[in-house]
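Written out below as structure tokens is the structure these notes cover.
The values are calculated or read from the model by the stated rules, or taken from the named source; none is laboratory data. These numbers were taken from a predicted model, which means no experiment stands behind them. Note that we place each Cβ from the backbone using ideal geometry, even for glycine, and neighbour counts take in every protein chain shown. Ligands, DNA and RNA are excluded from the accessible area calculation, which covers all protein heavy atoms including side chains. Shrake-Rupley method; radii C 1.70, N 1.55, O 1.52, S 1.80 Å.
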Amino acid sequence: MIYSFSNSGFRDPETGVYNQTYFMEVFNREWYRHLRDQQTLALLYLSPLLPGMINRPHLLDFFTGRIQASLLRTTDLLARLNQTLFAVGLFNTDEIGTQTVIERITEQLEEFSGEYRQHHGVGFDYRIAACLCQPSTEVKPEALFIEAEGRCIKAGNEKLPIMIRVQ
């Protein structure tokens, strides 16, 4: 992949999705806009569980491509937070909308796992945790990230996505 200086400030060079810094800036700005407009937003954490996946950039590309294919609104934001964790910001959404996006992501990742299994003999697993929140002055944006990461890690062997409402 040819490095692009025009995207270096806000794109992850391996996957092409937004980087953590850009995601946090946008999410923080949206948090306060949603606080003012009294709208809900959601934060999803995705963790692919395939040994060696982080050492294969093309595999990460396919993974993030599948996630992006399931995000139909231009306001939905996908970012790579670290080597093993991705975040999706869903703005101006509710529980039904968040669940719909989770179902689309799950469908895309199940297809990807099946295709990977056909070619390599082994599928891959993943974890999804979602936190839905209506921002308030009592809740800080950091709480949403801590809760989502904790839920994603605690998911253990649970296959079903975890969704909670943070208040």
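Only one of (1) among the aliphatic types (A, V, I, L, M); (2) modelled with pLDDT of 85 or more; (3) open to solvent by 80 Å² or more (accessible area, probe 1.4 Å) fails for Ile2. Which number is that?
(2)
So the check is Cβ under 7 Å with 6+ separation or different chains; which pairs have a first residue in segment 64-85 that's closer than 21 Å to Gly97 by Cα and a second one that's among the charged types (D, E, K, R) and open to solvent by 60 Å² or more (accessible area, probe 1.4 Å)?
Listed by first residue and then by second, the contacts come to Ser70/Arg104.
How about segment 56-167: which strands (runs of 3 or more DSSP E) wholly inside it have at least 2 residues that are small (Gly, Ala, Ser), at pLDDT 80 or above and more than 22 Å from Glu14 (Cα to Cα)?
Values: elements: 77-82, 85-91, 125-133, 162-166.
By residue number, 125-133.
Out of all the residues in segment 125-134, which are open to solvent by 10 Å² or more (accessible area, probe 1.4 Å) and over 14 Å from the mean Cα position of the chain (by Cα)? Spell out how you get there, then give the answer.
At the first step, the residues of segment 125-134 found to be open to solvent by 10 Å² or more (accessible area, probe 1.4 Å) are 125, 127, 134.
Result: Asp125, Gln134.
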